[in-house]
Amino acid sequence: MDLYPSLLSFGLVAGLLTLVPGIDTALVLRSSLARTRGFAFATALGISTGLMVWGIAAAVGVSALLAASELAYRALTIAGAAYMVWLGASLLWKSRAKDASSASPAAEVGAPAASRHQLFQGWLTGTGTNLLNPKVGVFYIATIPQFIRRGRLRC
């Protein structure tokens, strides 16, 4: 398989997968509705970082180890579930602590821009959510290696 057809077919598959909504889409939507636009952008950037890490892991075979080891897969699944529960609980806690009559910062006219700490928090939320999702790694195992020519990837 030549380089350009491989890149074209991979780009087509990656583009189609980007259009399919999932937990990452829901996370960015929640971030944009509950927080600021900058926080949502940072969350999307964090998700992209997580995808890049999973892609590199799949390319070098680390995620194949995850697919082969049920214990490692279960540990990552439990860590991901615990992280999602923590995210949900913290969101509920913050919403209960807020006054019900106050508007969200994203809805206010002239809302202040997100601070660097908030942007980092958004990036970390996106990255953590994506890295703790073992389905992404298993999916990458199934797709990425078929676009790498045999004998071309040497470590």
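Structure data summary
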quantity	calculated
Heavy-atom surface of the range 5-97, accessible at 1.4 Å and reported per residue (Å²)	65 Å²
Most to least accessible of Ile56, Ile144 (protein chains only, probe 1.4 Å)	Ile56, Ile144
Length added when fully stretched, Val60-Trp93, from 0.36 nm per residue minus Cα-Cα	7.8 nm
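The values are calculated or read from the model by the stated rules, or taken from the named source; none is laboratory data. No experiment lies behind these values; they were computed from the predicted model shown. Surface areas here come from the heavy atoms of the whole protein model, side chains and all, with no ligands, DNA or RNA. Shrake-Rupley method; radii C 1.70, N 1.55, O 1.52, S 1.80 Å.
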